[in-house]
Amino acid sequence: MLQSLRYGLAATALLITSQSHADTPQLPPPESTTLSKLQLMQGFPPPPDKLVTQANFNRFPNGRWALHHMRELQPSRGIARDPLADVAKLKYKDRGLGDLRFDDGSGQTTTVSEWLRDTYTDAFIVLHKGRVVYETYADGMDDQDQHILWSVTKSVTGLLAADMIQRGELDPDVTVAHYVPELKDSAWGDATVQQVLDMTAAVRYREDYKDFTSDVYRYAFSSGILPKPKNYQGPASLYEFLASLTEKSGEHGKQFTYQTVQSEVVAWIISKASGRDYTDLLSERIWSKLGAERDAYVLVDPHGTPLAGGGMNATLRDLARFAEMVRRKGHYNGEQMVSKAAIEDIFKGGERSKFEGGGLDFRRGQSYHNQWYQTHNDHGALQAAGIHGQMIHIDPQAELVVVKFSSHPVASSSFTYTSTTAALDAITEALQ
């Protein structure tokens, strides 16, 4: 069992950090991995070779089923909509974007529909000026399915923290230890809240996936992302793991380094500063006001702590409502639910010089602030991104919102970023 877990996580994690196509295995034809052909989790009980579990969900093609059935695999906590509120109706005006042809960045011409198929897309929606102009779902997923957002969750967490700052409930310039005494002796103890939000807190968090003693394995086991192997002696919960990271990697505030653990600390700060569970606060201030069709939910660790760096799940349309709220500077469904100043600050982005050298070379020229990517393109587009192809793209100038759920075999966004950027540019040009 230990060897299989080691292989399962290592295989996926190596893909997460891969920056070149040469490191990537031969991909199966997307049409051969539709759920109707895979027949995963069919029958009762499913045959052993069709069974998806917590221990194997991260091995392709199991993710094609698992990423929109995560609640069936791991413990979770709800993020409630208002059950008495009307659903915020979306207006539709089909623009036929599926047939739109564009150069995918490699010299090959393709269509939006073909690009979606070839990037193993599970669901995709485009809003222009608040209207749905394109919406599609892959075989086996529908508009009521909640899909995991992976690291798009970070941006939801960051927005909640940015709003608390504008409300005067959170001071970005005080130390982490001020809000979370449990982290006083950790590497985060003397970092500021803003440094954690911008991922410039210098924490030695080793992600060497070839070394089974690497920190990423302890994170996976302690947070419940993977089942603990036999004779495991490490941290038993997320908070215990975070407190165990006591070494710095340099001086705080100097360099961006992408680390999911930073987002988990942000959520801990939010809960300490507000005296509220992260999910309850997110429900009260955002999800219950969106006019959402369904509750969202977040995966939790063995102690019930929300995984705010990558555990949120929501329907496509509800995440599109969330993204449209951000585009409208916090005003949606008839009210100002998030501070306009908080969102304007996020749109400004961070210091590009600190972002350079942070390990995300495919995003060269961009910046990171309050858990969001500012592309600094001609339109000042904002993005949230997660492994295996999760994405929010918000273009304020074009009045455009795009949300994409995927289950790509390659975890890293770097693998599809060129074609994704080309597709977004083509869609933007066509709508303008």
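The values are calculated or read from the model by the stated rules, or taken from the named source; none is laboratory data. None of the values given here were measured: they were computed from a predicted structure. Counting neighbours? That spans all protein chains shown, and the Cβs are built from the backbone with ideal geometry, glycine included.
Looking only at the range 66-88, residues that are within 25 Å of the chain's Cα centre (by Cα) and not in a strand (DSSP E or B) come to 15 in all. Those helices (runs of 4 or more DSSP H) of the range 229-289 in which 1 or more residues are over 21 Å from residue 313 (Cβ atoms) and within 19 Å of the chain's Cα centre (by Cα) occupy 260-274. For the range 100-129, a residue qualifies if it is in a helix (DSSP H, G or I) and out of contact with any helix residue (DSSP H, G or I) (no Cβ under 7 Å at 6 or more places or on another chain), and the qualifying residues are 114, 116. Checked against the criterion of being under 20 Å from the mean Cα position of the chain (by Cα), hydroxyl-bearing (Ser, Thr, Tyr) and either buried (at least 22 other Cβ atoms within 10 Å of the Cβ) or at positive phi (or both), the range 126-143 has no qualifying residue. Scanning the range 144-200 for residues that are over 21 Å from the mean Cα position of the chain (by Cα) and within 21 Å of residue 389 (Cβ to Cβ) turns up nothing. Taking residues in the range 88-101 that are in contact (Cβ under 8 Å) with a residue 60 or more places away in the chain, and partners anywhere that are part of a loop (DSSP other than H, G, I, E, B) and among the acidic types (Asp, Glu), the pairs with Cβ atoms closer than 9 Å and at least 6 places apart or on different chains are 88/293. For the range 327-367, a residue qualifies if it is among the acidic types (Asp, Glu) and within 17 Å of residue 417 (Cβ to Cβ), and the qualifying residues are 356, 361.
Among the listed residues 384, 423, 411, which satisfies the condition of being in the same structural domain as residue 321 (by TED's automatic domain parsing) and part of a helix (DSSP H, G or I)? Just one listed residue meets the conditions, 423.
In this structure, residue 173 does not satisfy being part of a loop (DSSP other than H, G, I, E, B), in contact (Cβ under 8 Å) with a residue 60 or more places away in the chain and not assigned by TED's automatic domain parsing to the domain that holds residue 426. Looking at 253, 168, can you tell me which residue is without any contact (Cβ under 8 Å) to a residue 12 or more places away in the chain, surrounded by fewer than 21 Cβ atoms within 10 Å (Cβ to Cβ) and closer than 28 Å to residue 338 by Cα? Only one candidate qualifies: 168. Got at least one residue in the range 198-208 being touching a helix residue (DSSP H, G or I) at 6+ places or on another chain (Cβ under 8 Å) and either in a helix (DSSP H, G or I) or farther than 26 Å from residue 312 by Cα (or both)? Among the residues of the range 198-208, not one is touching a helix residue (DSSP H, G or I) at 6+ places or on another chain (Cβ under 8 Å) and either in a helix (DSSP H, G or I) or farther than 26 Å from residue 312 by Cα (or both), which makes the answer no. For residue 166, are the conditions met, namely being closer than 26 Å to residue 372 by Cα and either assigned by TED's automatic domain parsing to the domain that holds residue 152 or touching a helix residue (DSSP H, G or I) at 6+ places or on another chain (Cβ under 8 Å) (or both)? Answer is yes for this residue.
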